[in-house]
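Novice: Mind having a look at this structure? Questions to follow.
The values are calculated or read from the model by the stated rules, or taken from the named source; none is laboratory data. Keep in mind it's a predicted model, so treat the numbers as computed, not measured. Neighbour counts run over all protein chains shown; Cβ positions are idealised from the backbone, glycine included.
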Amino acid sequence: MNKPLLALACLTVIAVAACQPEPAATTTAAPGAAETAPAPVDVAPAGEDLSSDNAGFDMKGFAGTFSGTLPCADCPGIDTTLVLNPDGTYEISEAYQDSDGVVTRMDGTWTVEADDSQVRLDPNSKSEQDRLYAITSNEEITMLDLEGNPAESGLDYSLDRQPAN
């Protein structure tokens, strides 16, 4: 009577062991083959672009405050102030005119791309989309659409550099 009970216990242990999840990241290699680890990923500090595309662009020199009134579909305009910090972070505040003084703010990181002709704002909030601005001059940037094209409306989407305080 102990043999059937022992056999049942062994089968139960085997069944339970088979139901356990396998450990993550198990690799099997042929005997004598060298294991390959995933390639390391370079993580650049905020504002530091490791690509060679903007090796010549002076982000610290370009950093500053840009402001202006952008067009709005259902209000007179959006008073916008964009602060590009030298460390590659940004802050933007937008106040819709005729909206009882409500100001929205967003922050994140900024980079220069497209042969030093565009600024990309990458928001910290994942619910917001990136924004692109053309570098018109050292004193002016112009908002672009999501594909990097200027607005076809003919309206003024530019922000002007403000003097340092």
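Novice: Go through ARG120, ARG105 for me and flag whichever is among the charged types (D, E, K, R), outside any loop (DSSP other than H, G, I, E, B), in contact with a Ser or Thr (Cβ under 7 Å, 6 or more places away or on another chain) and exposed (fewer than 13 other Cβ atoms within 10 Å of the Cβ).
Specialist: ARG105
Novice: Restricting to the stretch 125-149, name every residue that is over 16 Å from the mean Cα position of the chain (by Cα), more than 14 Å from ALA114 (Cα to Cα) and of a type outside the set (A, V, I, L, M).
Specialist: The answer is SER137, ASN138, GLU139, GLU140, THR142, ASP145.
Novice: While we're looking at this one, here's another question. Which ones in the stretch 116-135 are of a type in the set (Lys, Arg) and at pLDDT below 95?
Specialist: The answer is LYS126, and nothing else.
Novice: Restricting to the stretch 136-154, and then to whatever is assigned to a loop (DSSP other than H, G, I, E, B) and polar (S, T, N, Q), can you tell me which residue is modelled with the lowest pLDDT?
Specialist: SER153
Novice: Can I ask one more? Sort out which residues of the stretch 123-150 are touching a residue at least 24 places away in the same chain (Cβ under 8 Å), under 16 Å from ARG161 (Cβ atoms) and surrounded by 14 or more Cβ atoms within 10 Å (Cβ to Cβ), and write them in order of number.
Specialist: Hits for the stretch 123-150 are TYR133, ILE135, GLU140, ILE141, MET143.
Novice: For ASP49, work out the one condition from (1) touching a Ser or Thr at 6+ places or on another chain (Cβ under 6 Å); (2) modelled with pLDDT of 50 or more; (3) not small (Gly, Ala, Ser) it doesn't fulfil.
Specialist: Going through (1) touching a Ser or Thr at 6+ places or on another chain (Cβ under 6 Å); (2) modelled with pLDDT of 50 or more; (3) not small (Gly, Ala, Ser) one by one, ASP49 breaks only (2).
Novice: Exactly one of (1) closer than 21 Å to ASP130 by Cβ; (2) at pLDDT 95 or above is unmet by GLU113. Its number?
Specialist: Single failed check for GLU113: (2).
Novice: With the requirement that a residue be among the small types (Gly, Ala, Ser) and within 20 Å of the chain's Cα centre (by Cα), what does the stretch 65-108 give you?
Specialist: Those that are among the small types (Gly, Ala, Ser) and within 20 Å of the chain's Cα centre (by Cα): GLY88, SER93, GLY108.
Novice: Do we find that THR111 is in contact with a Lys or Arg (Cβ under 7 Å, 6 or more places away or on another chain) and either in a strand (DSSP E or B) or surrounded by 15 or more Cβ atoms within 10 Å (Cβ to Cβ) (or both) in this structure?
Specialist: yes
Novice: Shifting gears a bit: Among the listed residues TYR96, TYR90, which satisfies the condition of being surrounded by 15 or more Cβ atoms within 10 Å (Cβ to Cβ) and at pLDDT 95 or above?
Specialist: TYR90
Novice: Moving on to the next point. If VAL83 satisfies all but one of (1) surrounded by fewer than 14 Cβ atoms within 10 Å (Cβ to Cβ); (2) part of a strand (DSSP E or B), what's the number of the condition it fails?
Specialist: Only one criterion in (1) surrounded by fewer than 14 Cβ atoms within 10 Å (Cβ to Cβ); (2) part of a strand (DSSP E or B) is unmet by VAL83, namely (1).
Novice: Go through the stretch 86-102 and give me each residue that's out of contact with any Pro (no Cβ under 7 Å at 6 or more places or on another chain), part of a loop (DSSP other than H, G, I, E, B) and of a type outside the set (D, E, K, R).
Specialist: Correct list: PRO86, GLY88, SER99, GLY101, VAL102.
Novice: Residue check: is ALA37 surrounded by fewer than 12 Cβ atoms within 10 Å (Cβ to Cβ), outside any helix (DSSP H, G or I) and at pLDDT below 95?
Specialist: Taking the combined requirement at face value, the residue satisfies it.
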